[in-house]
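A quick write-up on the structure given underneath.
The values are calculated or read from the model by the stated rules, or taken from the named source; none is laboratory data. None of these values were measured; they are calculated from a predicted model. Cβ sites come from the backbone with ideal geometry, for glycine too, and all protein chains shown count toward neighbours.
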Amino acid sequence: MSYQQPQLRGPLQRETDPSDRESLVSGHEHGGKSSQSAAVFNVVNSVIGSGIIGLPYSMKQAGFPLGILLLFWVSYITDFSLVLLIKGGALSGTDSYQSLVNKTFGFPGYLLLSTLQFMYPFIAMISYNIITGDTLSKVFQRLPGVDPGSWFISRHFIIVVSTVTCTLPLSLYRDIAKLGKISFISTILTAVILGVVVTRTISLGPNIPKTDNAWVFARPNAIQAIGVMSFAFICHHNCFLVYGSLEEPTVAKWRRVIHTSILVSVFICVLFATCGYFTFTGFTQGDLFENYCRSDDLVTFGRFCYGITVILTYPIECFVTREVITNVFFGGALSSVFHVTLTAAIVTAATLISLLIDCLGIVLELN
């Protein structure tokens, strides 16, 4: 393995009228095989991910009215910047985040971006493993006849099994378009989780006393709330992958995909944050599920759906880490053997680290 000087792969645009900068074909020569709907689900899955569970807590941190305004503001910035990135690729004739930064900021910027673009999704993979292990172990402890102390429902065993049976096989795909159906399932499960939270808002909300100043406009911790919201919405590191998967990708088509994706995402996020905060107000915890009783079977089902959703989000992050390594060390191309080997190495490394770290807070703070 040797370091490869970054190469700017063929221009995204065809040799047509120079003013037609919105009709672009990626460096994959003829675009991908993903429909716009599949791309929408991939973006929604990437946006919502595991971060949605902390949004009610961000309302507590910022103050509910300001929190909702900040959530809309973060979603607008996300929408604008995702379109802007692809426009930048169109104008510069680049088809990856790394090559765009290399052309804009030179080699130092390329190295910095490559490091960050690898570390963020890789750490996210670790956090997803930890969340999966912690969440599903609590679910399986509720099954009748299961010994709560059994090794087979321990977080370590669950992490290993979910990796071998789900996340690794899904991560072995070469084309992110293949994940469209997986992202659709993840979005459906997110809607189910939202239904659980709404149901408990109706059934529990009136019985839980509201804390003092629950509806104050703003609170001092609004900056921390923005961090929680940004973690939920950030997906810029994989936007070129999703864009390149479109059939005949164009900036106009990408704009429609992003507008639709962010609209769906912000609807789910605002409703989730509102219902979660309305139920517990000042008692809201960072992980909303920790506010509910462990014996609540409906919430246990919601936990299960959340764990599966996190598993189905994992492969998208793995795609990005693999692409960064491929671009930096292998010039953007991998043989089938190297593709499998590199994917297995990345997933194994993330799994081993997640088995050694019990505290999710450390991972999230680093990210």
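Structure above, values below:
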quantity	calculated
Output for the stretch 296-339, where each listed residue is in contact (Cβ under 8 Å) with a residue 60 or more places away in the chain, of a type in the set (Ser, Thr, Tyr) and either touching a Pro at 6+ places or on another chain (Cβ under 8 Å) or more than 24 Å from Cys235 (Cα to Cα) (or both)	Thr300, Thr321
Residue identified as within 30 Å of Leu288 (Cα to Cα), modelled with pLDDT of 95 or more and among the hydrophobic types (A, V, I, L, M, F, W, C) among Phe80, Phe64, Phe41	Phe80
Test result for Thr94, buried (at least 24 other Cβ atoms within 10 Å of the Cβ), at pLDDT below 90 and over 17 Å from the mean Cα position of the chain (by Cα)	yes
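A quick yes/no check of all residues on (1) among the hydroxyl-bearing types (Ser, Thr, Tyr); (2) out of contact with any helix residue (DSSP H, G or I) (no Cβ under 8 Å at 6 or more places or on another chain); (3) at positive phi:
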{"position": "Ser230", "(1), (2), (3)": "yes, no, no"}
{"position": "Leu241", "(1), (2), (3)": "no, no, no"}
{"position": "Glu247", "(1), (2), (3)": "no, yes, no"}
{"position": "Val257", "(1), (2), (3)": "no, no, no"}
{"position": "Tyr277", "(1), (2), (3)": "yes, no, no"}
{"position": "Glu290", "(1), (2), (3)": "no, yes, no"}
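Table: residues versus (1) hydroxyl-bearing (Ser, Thr, Tyr); (2) more than 17 Å from Leu312 (Cβ to Cβ); (3) at pLDDT 90 or above.
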{"residue": "Arg142", "(1), (2), (3)": "no, yes, no"}
{"residue": "Ile185", "(1), (2), (3)": "no, no, yes"}
{"residue": "Thr190", "(1), (2), (3)": "yes, no, yes"}
{"residue": "Pro209", "(1), (2), (3)": "no, yes, no"}
